[in-house]
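The values are calculated or read from the model by the stated rules, or taken from the named source; none is laboratory data. The structure presented is a predicted model; accordingly, all values stated were derived computationally and were not measured. Because the Cβ atoms are built from the backbone with ideal geometry, glycine has one as well, and the counts that use them run over all protein chains shown. Accessible surface is based on the protein model in full, side chains and every heavy atom, while ligands, DNA and RNA are left aside. Shrake-Rupley method; radii C 1.70, N 1.55, O 1.52, S 1.80 Å.
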Amino acid sequence: MSKSQKLFNESKKVIPSGVNSPVRYFEPYPFFAKKSNGAYIWDEDNQRYIDFCNGYGALLLGHRRKEVLSAVSKQLTQGTMFCTPTQSEIELSKLIVGNFPSIQKVRLVNTGGEATMTAIRLARGFTKKKKIIKFEGCYHGAHDSVLVKAGSGSAHNGISVSDGGLDEVSKNTLVVQYNNSEELERIISKNKDIAGVIVEPILANMGLILPEKNFLSEIRKITKDNDIPLIFDEVVTGFRISPGGAQQHFGIKPDITTLAKALGSGFTVAAVGGKKEIMDLLSPGGKVYQASTYAGNPTSVSAAIASIKTINKIKNKLYSKLEKYNIMLTHAIDDIATDLKIPHQINFTSSMFQIFFTDKPVVDYASSMNADAKKFKKMFSILLKKGIFIAPSQFEVVFLSDAHTKIDLENTIHAYDVALKSVKN
């Protein structure tokens, strides 16, 4: 019995289902991580994996990035928590505002879910309306307002609306098909109580689904024409797609933006930012209440400052390298699957991709759900045995980091070759 199996058996006795987040579980049991460095992660049995789960997108710069660890180490000598304002919070906020032109003011929080919850509350406080529109398959955290036809672990476990969620809350969440601006316009025309529209500009929690041409600009026009705040959930795409996120890449300015993951390079920090007139509604100056003991935690803030500074310093090389590596990897996987005559689709952009086992394009929630998840599960298992760690769910994304090398890519392509042959058979 491996150490991971023993630990999982022990874990189930004290942790529900043995894991602290549903996406971490896979059959027969998940490996237990021991250490990491650069592009690699080791389990308790000292098996090394090339990591493409990548903290579900958080580790854009790789594990244990020296600039980040150096900043955190320095902060640890000064204190870990004060619960009073610090100069570093101002520095981080200025960096975020400098990278995201749509953000005039920003409040630091702890998680992506907390950021989206605050964004929605702000939209309701600003408009004095109730209903929120989200898109099928978009995942905005595990709180009631958005846990309706959501992606990520919710989709993986077949949970459309969570038990324990209140009908009174979910009835105020209207769900629209992704990549369907006409449906959005119809829903808005029939409802005069829309407080906000929230969307992942690139859907990265249903596998990877890209916005079709003009989809995001049409959303922006529709929301502007109807005086509805547009919320870009850039928890995944912020910094990963570009230094200014997907909104910089597509040239769209939302009213509110949420950030997390790559913001902190593995440390717990998130942010919600937007127009001054909206952000100033937050307490204590306004009447939209939001608070957190750990918000602006100096350790996490120091990591985020170092992350953004590093990204900005190397951005000219970073994003072109990641895109080049992603094209190399996805084209090779596509060639292998094509030669094996396996029906498949590969969606990719920047430093993210996902393969779907289907003969039809994957453009929304329904087409993603129709892909063969059993084949994906088999492929995942073989990849893991070959030392490649991707997210275990079809409804997640493969992430590259700055730490990956060409040798890592070659080894990964070989592993996909073996795994896809196994899927074929």
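Relative contact order of the chain, please, whole-number percent, based on alpha carbon pairs below 8 angstrom and at least 6 residues apart.
Dividing the mean separation by the residue count of the chain yields 22 percent.
Given the rule -39500 (n - 2.57) for each run of at least 4 DSSP H residues, summed and divided by the residues of the chain, what is its mean residue ellipticity at 222 nm, to the nearest 500 deg cm²/dmol?
For the chain, the value works out to -12500 deg cm²/dmol.
Report ³J(HN,Hα) in whole Hz for each residue of the stretch 21-33, in order, from the Karplus equation J = 6.51 cos²θ - 1.76 cosθ + 1.60 where θ = phi - 60°; Gly and Pro get x.
7, x, 5, 7, 8, 8, 7, x, 6, x, 6, 9, 6
Quick one: what are the phi-derived ³J(HN,Hα) couplings along the stretch 261-269, Karplus 6.51/-1.76/1.60 with θ = phi - 60°, whole Hz, x for glycine and proline?
Ordered by residue, 3J(HN,Hα) equals 5, 5, 4, x, 6, x, 9, 7, 7 Hz.
Need one number: nm distance between label points at A33 and E91, each 7 Å from Cα along Cα→Cβ, rounded to one decimal.
Result for the modelled spin labels: 2.6 nm.
Which one, T299, T116, T77, has the greatest fluctuation when you compute a Gaussian network model over the chain with C-alpha springs under 10 angstrom?
Result: T77 has the largest fluctuation of those listed.
Given +1 on the Cβ of Lys and Arg, -1 on the Cβ of Asp and Glu, and no further charges, what dipole in debye does the stretch 283-400 carry about its Cα centre, rounded to the nearest 20?
Here the stretch 283-400 has a charge dipole of around 400 debye.
From the cross-link list K190/K224; K6/K261; K324/K378; K3/K66, which pairs have alpha carbons spaced over 24 Å apart?
K6/K261; K324/K378; K3/K66
How many times 2.2 N^0.38 Å is the alpha carbon radius of gyration of the stretch 300-425?
So the stretch 300-425 has a normalised radius of gyration of 1.15.
Let me know the charge dipole size of the stretch 1-115 about its Cα centre in debye, to the nearest 20, where only the beta-carbon of Lys, Arg (+1) and Asp, Glu (-1) is charged.
With Lys and Arg at +1 and Asp and Glu at -1, about 160 debye.
Pick from K253, K377, K34 the residue whose mean-square fluctuation is largest in a GNM of the chain, springs joining Cα atoms under 10 Å.
Maximum fluctuation in the GNM of the chain, among the listed residues, is at K34.
Where the centroid of each part is defined by its Cα atoms, how far is the stretch 320-386 from the stretch 206-238 in Å?
24 Å
Skipping prolines and chain starts, which residues have an amide H placed within reach, meaning under 5 Å, of the one on Q394, given they are 5 or more residues away or on another chain?
Those lying under 5 Å, H to H, from Q394: there are none.
Once amide H atoms are placed 1.01 Å from N in the peptide plane, what residues at a sequence separation of 5 or more from N347, or on another chain, have their amide H within under 5 Å of its amide H?
Q354, F356
Of Y365, A403, S393, whose Cα points farthest to the positive end of the dipole of the stretch 325-425 (charges on the beta-carbon: +1 Lys, Arg; -1 Asp, Glu; origin at the Cα centre)?
S393
Checking the a/c ratio against 1.5 first, then a/b against b/c, what shape does the Cα gyration tensor give for the stretch 1-156?
Taking the square roots of the gyration eigenvalues as a ≥ b ≥ c, the stretch 1-156 is oblate.
Report the antiparallel proportion of the DSSP beta bridges in the chain as a percent, rounded to a multiple of 5.
Around 60 percent antiparallel, to the nearest 5.
When averaged across all projection directions, what area in nm² does the alpha-carbon convex hull of the stretch 327-384 cover?
So the mean shadow area of the Cα hull is 4.2 nm².
Work out which chymotrypsin sites (Phe, Trp or Tyr not before Pro) in the chain are exposed loop sites (DSSP not H, G, I, E or B, at most 13 other Cβ within 10 Å) and give the longest gap free of them.
The reported range is 83-288.
Could you do me a favour and compute the accessible area per residue for the chain, 1.4 Å probe, result in Å²?
Per-residue value: 44 Å².
For the chain, build the charge dipole from Cβ charges (+1 Lys, Arg; -1 Asp, Glu) around the Cα centre, then report which of N214, Q75, V19 sits farthest towards its positive end.
Looking along the dipole axis, the top candidate is Q75.
Taking N as the number of residues in the chain, what value does Rg over Cα atoms divided by 2.2 N^0.38 Å take?
That works out to 0.96 for the chain.
If you put +1 on each Lys and Arg Cβ and -1 on each Asp and Glu Cβ, how big is the dipole of the chain around its Cα centre, in Debye rounded to 20?
With Lys and Arg at +1 and Asp and Glu at -1, about 660 debye.
For the chain, set up a GNM with springs between Cα atoms under 10 Å and report which of I187, I241, I133 has the largest fluctuation.
Most flexible of the set in this elastic network: I187.
DSSP loop (so not H, G, I, E, B), at most 13 other Cβ within 10 Å: list which trypsin sites (Lys or Arg not before Pro) in the stretch 211-293 pass both filters.
Sites meeting the loop and neighbour criteria: K213, K287.
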